[in-house]
Amino acid sequence: MKKILLVMLLALATFVVNAQRYVADEDTVYTVHSINQERFRGLVFDWESNDWEMVSPRPVVVDFYADWCVPCRRLAPILRDIAQYYHGEVDFYRINVDDNSDIAAAFEVRSIPMLLICPLDGEPKELVGLYSMQEYIRVINQILGR
């Protein structure tokens, strides 16, 4: 009886460890990554050039935010859910405008939160303000031509 109980506990422990690893891997794939203006240049496009040429192989959504901004804090969990919804088909990033004022000025960020939605083809579009998850998905799909 003790051997059976020991085997069951060992099997349960193995399952829990593997389940946690799977959840962690899934979360790191489909999430919103915090980046700075230099990483933006390497991940999305060179924002200091005059020509819009995407570097990313997938469409990108960039959240311009600030830590003190209450609507920005409310948007954060919504964007994480939206990143899960797109299952890695769209990359999600966030840039703190207080720490990255040059890129914020380049994109003329006047109000936050501001999403920059970058399709693979065509110019990026902006969406300013806090909306429902369904509205963000609708607008992102519309801009990406889905």
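The values are calculated or read from the model by the stated rules, or taken from the named source; none is laboratory data. Bear in mind the structure is a predicted one, so any value in this text is a computation, not a measurement. Reconstructed Cβ throughout: ideal geometry from the backbone, glycine too, with neighbour counts over all protein chains shown.
Sort out which residues of the stretch 52-76 are among the aliphatic types (A, V, I, L, M) and either over 18 Å from Val139 (Cα atoms) or assigned to a loop (DSSP other than H, G, I, E, B) (or both), and write them in order of number. Step through it out loud before you land on a result.
From the stretch 52-76, those among the aliphatic types (A, V, I, L, M) are 54-55, 60-62, 66, 70, 75-76; that's our starting set.
If the condition is that a residue be among the aliphatic types (A, V, I, L, M) and either over 18 Å from Val139 (Cα atoms) or assigned to a loop (DSSP other than H, G, I, E, B) (or both), then Met54, Val55, Ala66, Val70 are the ones that fit.
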Can you run down the residue pairs with Cβ atoms below 8 Å, 6 or more apart or on separate chains, where the first is in the stretch 39-62 and among the charged types (D, E, K, R) and the partner is surrounded by fewer than 18 Cβ atoms within 10 Å (Cβ to Cβ) and not in a loop (DSSP other than H, G, I, E, B)? Glu48/Arg41; Glu48/Ala106
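Considering only the stretch 46-66, state which residues are within 25 Å of Leu130 (Cα to Cα) and within 16 Å of the chain's Cα centre (by Cα). Let's see the steps before the verdict.
Quick first cut of the stretch 46-66, residues within 25 Å of Leu130 (Cα to Cα) only: 47, 58-66.
Scanning the stretch 46-66 gives Arg58, Pro59, Val60, Val61, Val62, Asp63, Phe64, Tyr65, Ala66.
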Cys69 being more than 25 Å from Asp46 (Cα to Cα) and either of a type in the set (Asp, Glu) or buried (at least 17 other Cβ atoms within 10 Å of the Cβ) (or both): yes
Condition met for Ser49 (part of a loop (DSSP other than H, G, I, E, B), surrounded by 15 or more Cβ atoms within 10 Å (Cβ to Cβ) and assigned by TED's automatic domain parsing to the domain that holds Glu126): no
When Ala66 is run through (1) at pLDDT below 95; (2) in contact with a strand residue (DSSP E or B) (Cβ under 9 Å, 6 or more places away or on another chain), the failure sits at (1)
Pick from the stretch 93-121 the residues that are aliphatic (A, V, I, L, M) and in contact with a helix residue (DSSP H, G or I) (Cβ under 7 Å, 6 or more places away or on another chain): which of them is nearest to Ile140 (Cα to Cα)? Ile117
Total residues in the stretch 111-124, condition surrounded by 12 or more Cβ atoms within 10 Å (Cβ to Cβ) and over 14 Å from Asp63 (Cβ atoms): 3
Tell me which residues, restricted to the stretch 77-126, are part of a loop (DSSP other than H, G, I, E, B), touching a residue at least 24 places away in the same chain (Cβ under 8 Å) and under 17 Å from Ala66 (Cα atoms). Val97, Asp98, Asp99, Asn100, Phe107, Val109, Ile112, Pro113
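Does the stretch 89-146 hold any residues that are among the aromatic types (Phe, Trp, Tyr), under 25 Å from Ser49 (Cβ atoms) and out of contact with any His (no Cβ under 6 Å at 6 or more places or on another chain), and which are they?
Filtering the stretch 89-146 down to residues among the aromatic types (Phe, Trp, Tyr) leaves 92-93, 107, 131, 136.
This time we only want the ones that are under 25 Å from Ser49 (Cβ atoms), so: 92-93, 107.
Hits for the stretch 89-146 are Phe92, Phe107.
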Which members of the stretch 127-146 meet the condition of being surrounded by fewer than 19 Cβ atoms within 10 Å (Cβ to Cβ) and assigned to a loop (DSSP other than H, G, I, E, B)? Gly129, Leu130, Tyr131, Ser132, Gly145, Arg146
